[in-house]
Amino acid sequence: MSQGFSKSSVGRKILMALSGFFLLLFLFQHFLINSLSVISADAFNEVSFFMGTNPLIQYLIQPILLFGIIFHLIMGITLELKNKSTRPIPYAMNKPSENASWMSRNMVITGIMVLLFLGLHFYDFWIPEIKTKFIEGNMSGLNESGELRFHEELLHKFTDPIRVGLYILSFVFLSLHLLHGFQSAFQSVGFNHRKYTPIIKKLGNLYAIFIPLGFILIALFHFHVKIRF
Amino acid sequence: MNMNLTLKVWRQKNAQDKGKMVEYKVTNISDHMSFLEMLDVLNEDLVNKNEEPVAFDHDCREGICGMCSLHINGEAHGPDRGVTTCQLHMRMFKDGQTIYIEPWRAKALPVIKDLIVDRSALERIQHAGGYISVNTSGNTQDANAILIRKSDADKAMDAASCIGCGACVATCKNSSAMLFVAAKVSQFSYLPQGQIERKERVMNMVEQMDKEGFGNCTNTGACEVECPKGISLEFIARMNREYFGAKIVSEK
Ligand code: SF4
Ligand code: FES
């Protein structure tokens, strides 16, 4: 028997990258929808209602997303544990910063920080959603006064300064994770080209800085609005 | 200018010994010396004092054989770039400096004695697929009879300049041998002579690499920086493509 693709170091690296790409796409659409909440509460409500009730998204895309997150997480930790075990005797003197960036060397730390945030995020939004929709059986997306509830729920979460602080911090970690992860995913699937790789690296830096920054600004916007009114 | 240095050197009697860092002083080191010549001075001192000299690997002493190694002051082949330890000049150091000298550290490259590690894991990877089939029946064709696109020949040559020193493994936080294996897979993949075993080569070499207990690449890029021969990460990407392409159609 030859070595299975998903057992091999190269195969796992490719799978890690593919799940990473998927999560990058997910994050981007999440960002677009969040941006709506600043522009128009109604539009945000409509889109949230669609995302929350469309069967294709609920029963196909959502499970894939969950699988993607869990896969990326478990594989990442498995690889890290294996990697840690490959050097039983450490160097007495080592200068890792001479040849590799902090981000590239600490993907597990930044990844775990993002994971902790996801825990909070699930607690805040996903679990209540599941509860309302599937346990209480209320698929209407309406609140007691008969309006779509999503924008109001969002605002509610952004009233607590500690939550907003944690939210911002998490996105800083996400940014650090993406600063390496974006371009690394391309390298892993074998996309390295003298002409295009520099462009991908720039694009990756833009994505890694501006998407998390966007999330942070949206949170601050709602926090600010809440304080004023 | 001559220098006096403090050396902290890893001493280990044999593979079983626990080993430890031992401090030595060397005096009157010329900045024109190579790093290995400085170690020769140390060893001469030790021999004169009836002590066991420090064992380290070396052969050509001109950066082509890949025998020399050493993790010097926290970096594979020391602080300079694009050089092996034998090409490292003492002018990279300052008078009075303390220099840490350690063997490559990786489970797959165990220490045999002092600063010498067993790199046969790299050879076993090479045996698993780093070869081509040639007709040796007496009418062997001249390799130059097959025309090769210049840019492909250049890339093959770039990949083939890997000297198998193992610095990529030593410097990688994951002890990954991907840069080495990528160079060895790539050098043949560009050439017509390498096509026959192309798919098996990459699968077998990657499998052997994993069996030897090297870690997984996370694209930190440290290997490319420390590699004395400037082997590019492009080759790792190429190996990943080769691997994917081979695996997806493989019947095994
Ligand atoms: S890739 Fe570079 S560092 Fe690694 S073995 Fe070859 S020459 Fe040495
Ligand atoms: S001794 Fe041959 S490369 Fe250094």
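The values are calculated or read from the model by the stated rules, or taken from the named source; none is laboratory data. Remember, it's a predicted structure, so these values are computed and weren't measured experimentally. All Cβ positions, even for glycine, are placed from backbone atoms using ideal geometry, and neighbour counts span all protein chains on display. Please note that ligands, DNA and RNA were not included when accessible areas were found on the heavy atoms of the full protein model with its side chains. Shrake-Rupley method; radii C 1.70, N 1.55, O 1.52, S 1.80 Å.
How big is the A/B interface in buried accessible area, both sides summed, 1.4 Å probe, to the nearest 100 Å²?
3800
Put simply, what bits of segment B:182-229 lose 40 Å² or more of accessible area when the other protein chains are there, versus the chain on its own (1.4 Å probe)?
With the partner chains in place, segment B:182-229 has these residues losing at least 40 Å²: B:207, B:210, B:216, B:219, B:220.
Keeping every protein chain present and rolling a 1.4 Å probe, give me the accessible area per residue for segment B:1-60 in Å².
Counting only protein heavy atoms, the per-residue value for segment B:1-60 is 58 Å².
Using the Kirkwood formula over every pair of different C-alpha atoms, what hydrodynamic radius in Å results for the protein assembly as shown?
Computed over Cα pairs of the protein assembly as shown, the Kirkwood hydrodynamic radius comes out at 25.7 Å.
Leaving out ligands, DNA and RNA, what percent of the accessible area of segment A:3-228 is carbon and sulfur, probe 1.4 Å?
73
Where the centre of each part is set by its Cα atoms, how far does segment A:1-65 sit from segment B:216-252, in angstrom?
Taking the Cα centre of segment B:216-252 as reference, the centre of segment A:1-65 is 27 Å away.
Work out the length of the dipole vector of segment A:101-229 about its Cα centre, built from +1 on the beta-carbon of each Lys and Arg and -1 on the beta-carbon of each Asp and Glu, and round it to the nearest 20 debye.
On the way: 12 positive and 8 negative charges, 167 e Å.
The dipole of segment A:101-229 has a size of about 800 debye.
Take segment B:61-195, compute every pairwise Cα distance, and split them into 5 Å bins from 0; I just need the percent in each bin.
All Cα pairs considered, the percentages come to 2, 9, 16, 18, 16, 13, 10, 7, 5, 2, 1, 0, 0.
How tilted is helix B:198-211 with respect to the longest principal axis of chain B? Cα atoms for both, answer in degrees (0 to 90, nearest 10).
So the helix axis and the longest Cα principal axis differ by about 40 degrees.
Residues with amide H under 5 Å of residue B:107's amide H, sequence separation 5 or more or different chain, H placed in the peptide plane at 1.01 Å from N; which?
A:87
Which residues, if any, in segment A:188-204 lose at least 40 square angstrom of accessible heavy-atom surface (probe 1.4 Å) when the other protein chains sit next to their chain rather than the chain being alone?
When all protein chains are present, A:190, A:192, A:194 each give up 40 Å² or more of accessible surface.
Any idea what % of Cα-Cα pairs in chain B are farther than 24 Å? Intermediate values should be presented prior to the final figure.
On the way: 16195 of 31626 pairs.
The calculated P(r) of chain B puts 51 percent of pairs beyond 24 Å.
Please check chain B for the longest run free of GluC sites (Glu not before Pro) that are loop-located per DSSP (anything but H, G, I, E, B) and have at most 12 other Cβ atoms within 10 Å.
Within chain B, the longest run free of exposed GluC sites (Glu not before Pro) spans B:63-250.
Leaving ligands and nucleic acids out of the surface, order A:121, A:224 by accessible area at 1.4 Å, largest first.
A:224, A:121
Give the accessible surface of segment A:3-228 per residue, rounded to a whole number of Å², with probe radius 1.4 Å and ligands, DNA and RNA excluded. Don't skip to the end; give the middle numbers.
On the way: 12230 Å² over 226 residues.
Heavy-atom SASA per residue in segment A:3-228 reads 54 Å².
May I ask for the distance between the Cα centers of segment A:137-200 and segment B:105-143, given as a whole number of Å?
One Cα centre to the other: 47 Å.
Can you put B:134, B:26 in order of accessible area, largest first, using a 1.4 Å probe? Could the numbers behind the result be given before it?
Values: B:134 80, B:26 0 Å².
Output order, biggest surface exposure first: B:134, B:26.
Pick out, in residue order, every one of the chymotrypsin sites (Phe, Trp or Tyr not before Pro) in segment A:132-187 that is DSSP loop and has at most 10 other C-beta atoms within 10 Å; say none if there are none.
Those that pass, being in a loop and sparsely packed, number zero.
Could you work out the pair-distance distribution P(r) of segment B:120-251 from its alpha-carbon pairs, with 10 angstrom bin width and percents rounded to whole numbers?
Spelled out per bin, shortest first, that is 13, 43, 33, 10, 1.
Expressed as a whole percentage, what fraction of the accessible surface of segment B:2-112 belongs to carbon and sulfur atoms when a 1.4 Å probe is rolled over the protein heavy atoms?
47
To the nearest 0.05, what FRET efficiency results for residue A:62 and residue A:28 with a Förster distance of 22 Å applied to their C-beta separation?
The pair residue A:62/residue A:28 has a calculated efficiency of 0.85.
Express the carbon and sulfur contribution to the solvent-accessible surface of segment B:120-251 as a percent, rounded to the nearest whole number, probe 1.4 angstrom.
52
Could you compute the net charge surrounding residue B:105? Neighbours are other residues with a C-beta less than 14 Å from the C-beta of residue B:105; K and R count +1, D and E count -1.
Charge balance near residue B:105 sits at +1.
Can you give me the convex hull volume of the Cα atoms of segment B:13-70, divided per residue and expressed in Å³?
Values: hull volume 6.4 nm³, N = 58.
Taking the convex hull of the Cα positions in segment B:13-70, it is 111 Å³ per residue.
Can you list, bin by bin at 10 Å, the percent of alpha carbon pairs in segment A:69-175, starting at 0?
All Cα pairs, binned at 10 Å, distribute as 11, 29, 26, 18, 10, 5, 1 percent.
What number results when the radius of gyration of chain A, computed over Cα atoms, is divided by 2.2 N^0.38 Å?
The value comes to 1.16.
If I build a Gaussian network model for chain B, linking alpha-carbon pairs within less than 10 angstrom, which residue out of B:70, B:122, B:46 has the largest mean-square fluctuation?
Of B:70, B:122, B:46, the Gaussian network model singles out B:46 as fluctuating most.
Which FRET efficiency, nearest 0.05, do residue B:137 and residue B:197 yield, Cβ-Cβ r, R0 25 Å?
On the way: r = 19 Å, r/R0 = 0.75.
Given R0 = 25 Å and the Cβ-Cβ separation, E is 0.85.
Could you please report the charge total around residue A:5, scoring K, R as +1 and D, E as -1 over all other residues with beta-carbon less than 10 angstrom from its beta-carbon?
Neighbourhood net charge equals +3.
What does the charge count around residue B:248 come to, taking other residues whose C-beta lies under 13 Å from its C-beta (Lys +1, Arg +1, Asp -1, Glu -1)? All intermediate terms of the calculation are to be shown ahead of the outcome.
Values: positive: B:199, B:241, B:247, B:252; negative: B:242, B:251.
Around residue B:248, the charge tally is +2.
Using protein chains only and a probe of 1.4 angstrom, how many square angstrom of residue B:131 are accessible, to the nearest 10?
110
Once segment B:2-112 is represented by equal point scatterers at the alpha-carbon sites, with solvent omitted, what log10 I(q)/I(0) does the Debye formula produce at q = 0.16, 0.21 Å⁻¹?
-0.72, -1.28
With unit charges on the beta carbon (Lys/Arg positive, Asp/Glu negative), name the residue among A:223, A:57, B:230 whose Cα is farthest towards the positive pole of the charge dipole of the protein assembly as shown.
Going by the charge dipole, the pick is A:57.
Let me know the charge dipole size of the protein assembly as shown about its Cα centre in debye, to the nearest 20, where only the beta-carbon of Lys, Arg (+1) and Asp, Glu (-1) is charged.
Dipole magnitude for the protein assembly as shown comes out near 360 debye.
Using the heavy atoms of the protein chains alone and a 1.4 angstrom probe, what is the accessible area of segment B:125-252 per residue in square angstrom?
About 43 Å² of surface per residue is accessible.
Quick check of the Kirkwood formula: for segment A:103-229, what is the inverse mean of 1/r over all pairs of different Cα atoms, in Å?
That comes to 16.9 Å for segment A:103-229.
Which residues in segment A:119-135 have a backbone N closer than 11 Å to a point placed 7 Å from the Cα of residue A:160 along the Cα-to-Cβ line?
A:120-121, A:123-125
Out of B:46, B:88, B:109, whose Cα points farthest toward the positive end of the dipole of segment B:2-112 (charges: +1 Lys, Arg; -1 Asp, Glu; placed on Cβ)?
B:109
Which of the residue pairs A:13/B:199; B:20/B:49; A:201/B:150; B:184/B:211 have a Cα-Cα distance greater than 22 Å in the structure shown?
Over 22 Å Cα-Cα: A:201/B:150.
Before anything else, pin down the relative contact order of segment B:33-166: Cα pairs under 8 Å, at least 6 apart, normalised by residue count, whole percent.
Reported as a whole number, the value is 22 percent.
Mind listing, in residue-number order, the residues in segment A:99-145 that have at least 30 Å² less accessible area with every protein chain present than in their own chain alone (1.4 Å probe)?
A:99, A:104, A:105
Mind checking the angle between helix A:62-84 and chain A's longest principal axis? C-alpha axes, 0 to 90 degrees, to the nearest 10.
30
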